[in-house]
Amino acid sequence: MRISNKMEKATMEAHIMDTKQVLQILNQALQIEYAAGIQYLQHSFLVQGIDRRVFADYFRSQSESSFNQAKQIGDHIVNLGGLPTVEPYAIKQSTDLKEMLQLNLELERTGLKVYQEGIKAAAEDTPLKFFFEDQAYHEYQDVNELEKLLDQKKVSVTEKEVQLKKVKSA
Ligand SMILES: [Fe+2]
């Protein structure tokens, strides 16, 4: 009886959220979003040539969405009684477009990892878990888009030829 009580207690504790750990993860995420906001913004300033036509706006809007994520994270930190950091994660600089995209991809992948840790750490706190999942999905989309921009997605085509469906005339 004593042993099973102990075991029950241990199982219950595994489901209880560790607020200190969650706050550490949220502050890591905040550092990454600050860094992403600044890094993307600098890229929007620096991109030149014909690429500027497309990438200046892309970098600018990615910067805004990173700062928006930072705002939500900072609010959550205070909700849990923590102090939001003012220190960004390492910002990497480049004047070469391909290298910029590569640096952004690295940062988005780091963000995705941190949010995935957050999902585990949120345990059974459903709203907080949802928050981390939402942020993780956001990063997941950014990672996929950057991989496509860097031509890293290999699409396998097995059909020899693709036939378009015929449209019946009325
Ligand atoms: Fe992102």
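The values are calculated or read from the model by the stated rules, or taken from the named source; none is laboratory data. Model, not experiment: these values are computed from the prediction. Positions of Cβ are generated from backbone atoms using ideal geometry, with glycine treated the same way; all protein chains shown enter the neighbour counts. Surface accessibility is based on the protein's heavy atoms, side chains included, excluding ligands, DNA and RNA. Shrake-Rupley method; radii C 1.70, N 1.55, O 1.52, S 1.80 Å.
P127 passes every criterion in (1) in contact with a Lys or Arg (Cβ under 8 Å, 6 or more places away or on another chain); (2) modelled with pLDDT under 95 apart from (1). Just so you know, in the stretch 62-86 the residues that are open to solvent by 60 Å² or more (accessible area, probe 1.4 Å) and within 13 Å of the ligand (Cβ to nearest atom) include one that is farthest from V114 (Cα to Cα), and it is E64.
Out of the residues in the stretch 23-61 meeting the condition of being acidic (D, E) and open to solvent by less than 70 Å² (accessible area, probe 1.4 Å), tell me which one is farthest from the ligand (Cβ to nearest atom). Show your work before the answer.
Narrowing the stretch 23-61 to residues acidic (D, E): 33, 51, 57.
The next check asks that each one be open to solvent by less than 70 Å² (accessible area, probe 1.4 Å); those that pass are 33, 51.
Working: E33: 8, D51: 20 Å.
Among residues in the stretch 23-61 that are acidic (D, E) and open to solvent by less than 70 Å² (accessible area, probe 1.4 Å), the one farthest from the ligand (Cβ to nearest atom) is D51.
For D57, indicate whether it is part of a helix (DSSP H, G or I) and farther than 24 Å from N27 by Cα. So D57 passes the test. Of everything in the stretch 113-155 that is of a type in the set (K, R) and within 12 Å of V22 (Cα to Cα), the residue that is least open to solvent (accessible area, probe 1.4 Å) is K129.
Listed by first and then second residue, the pairs with beta-carbon distance under 8 Å, at least 6 apart or on different chains, first residue in the stretch 56-78 and touching a residue at least 40 places away in the same chain (Cβ under 8 Å), second open to solvent by 50 Å² or more (accessible area, probe 1.4 Å) and hydroxyl-bearing (S, T, Y), are A70/Y34.
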